[in-house]
Amino acid sequence: AKEAIGFESSMADVAKVVSGLKDENGVATAGFKEMEQTIFGLSQKIAIAPEGFAKIYAAAGAAGIAKEDLNQFAESAAKVSVAFGITADEAGAGMSKMRSAMGLSQTQVESLAGTMNVLSDSMDVTAAQAMEVVLKTGGVGRAANLSGEEVAALGSTMIATGAASDVAATASKNYILALAAGEKATKAQRAAFKTLGMDAEDVAKR
């Protein structure tokens, strides 16, 4: 009963952010019931409780992900949840934020998650740590024309050398900002670039 109540509560949250699931009187529509059945099916396919899937749908709806993309997004987020060892709502919220912060499509965010998994297999870093760095640094990376995969690799390298994930995120952000400073580079930064035989404006352009 507790699980059923939790699921209904989470579905109510979904209905608040996804249009067409309740009519003007607050009564569940056919679309709402169809979504429930889809969630039950996904729950049998992937070992996540229906309430967890409902939370993923709610996070995706709140992030503005199109209604027709919700099923694919939810299944992908559920797989990330299992692979990364994080909760379903953490996976849903994380993927939603990465999509919006870096302007990614569903296919691109799935590819990025795959890269994080590869990094966790080849370096001393967990996929969840790599995602934490991207969530905190991805927007800055995008502004500097770095891909999410590049930001994840940079942060993961720092974590693998012993940095905590939040320290790696801050360091990655500062590193990217320094590379992209260009004409706004400080005197000390210009001197450092010159010592390396480089020019701040040229580095930023490249």
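The values are calculated or read from the model by the stated rules, or taken from the named source; none is laboratory data. Remember, predicted model here, so these are calculated numbers, not experimental data. Cβ coordinates were reconstructed from backbone atoms using ideal geometry, including for glycine residues, and neighbour counts include every protein chain displayed. Note: areas computed on protein heavy atoms with side chains; ligands, DNA, RNA excluded. Shrake-Rupley method; radii C 1.70, N 1.55, O 1.52, S 1.80 Å.
Observations on the model:
- The computed P(r) over Cα pairs in 10 Å bins from 0, in percent for the structure shown corresponds, within (1) 8, 25, 30, 24, 10, 3, 1, 0; (2) 8, 30, 34, 21, 5, 1, 0; (3) 9, 30, 28, 18, 10, 5, 1, to (3).
- Nearby lysines by direct alpha-carbon distance to K16 (threshold 24 angstrom, same-chain neighbours under 8 apart not counted): K2, K33, K55, K67, K97
- Only protein atoms count toward the accessible area here, which uses a 1.4 Å probe; on segment 137-202, the carbon and sulfur part of that area reaches 57 percent.
- Cβ crowding within 10 Å averaged over residues, with 186-198, 27-39 ranked highest first: 27-39, 186-198
- Against the main long axis of the alpha-carbon atoms of the chain, helix 2-17 sits at an angle near 70°.
- Folded to 0 to 90 degrees: helix 70-84 orientation relative to the chain principal axis, Cα: 60
- Accessible surface calculations at 1.4 Å, restricted to protein heavy atoms, place the chain at 53 Å² per residue.
- Helical mean residue ellipticity (222 nm; -39500 (n - 2.57) per DSSP H run of 4+; nearest 500) of the chain: -23500 deg cm²/dmol
- Reach of K187 by Cα under 18 Å, taken over aspartates and glutamates that are not fewer than 8 positions away in the same chain: D199, E201, D202
- Here segment 32-86 is treated as an ellipsoid with the same Cα gyration tensor; its semi-axes, largest first and in whole Å, are 16, 14, 9.
- For the chain, the relative contact order is 12 percent, taking Cα pairs closer than 8 Å that sit 6 or more residues apart in sequence and dividing their mean separation by the residue count.
- The share of accessible area on segment 39-102 that comes from carbon and sulfur is 51 percent, using a 1.4 angstrom probe.
- If R0 is taken as 25 Å, the Cβ-Cβ distance between Y175 and V118 corresponds to a FRET efficiency of 0.70.
- Between the helical axis of 50-62 and the longest alpha-carbon principal axis of the chain there is an angle of about 60 degrees.
- Each of F73, Q108, A30 was scored by the projection of its Cα onto the charge dipole of the chain, and the greatest displacement toward the positive side belongs to Q108; charges sit on the C-beta of Lys, Arg, Asp and Glu.
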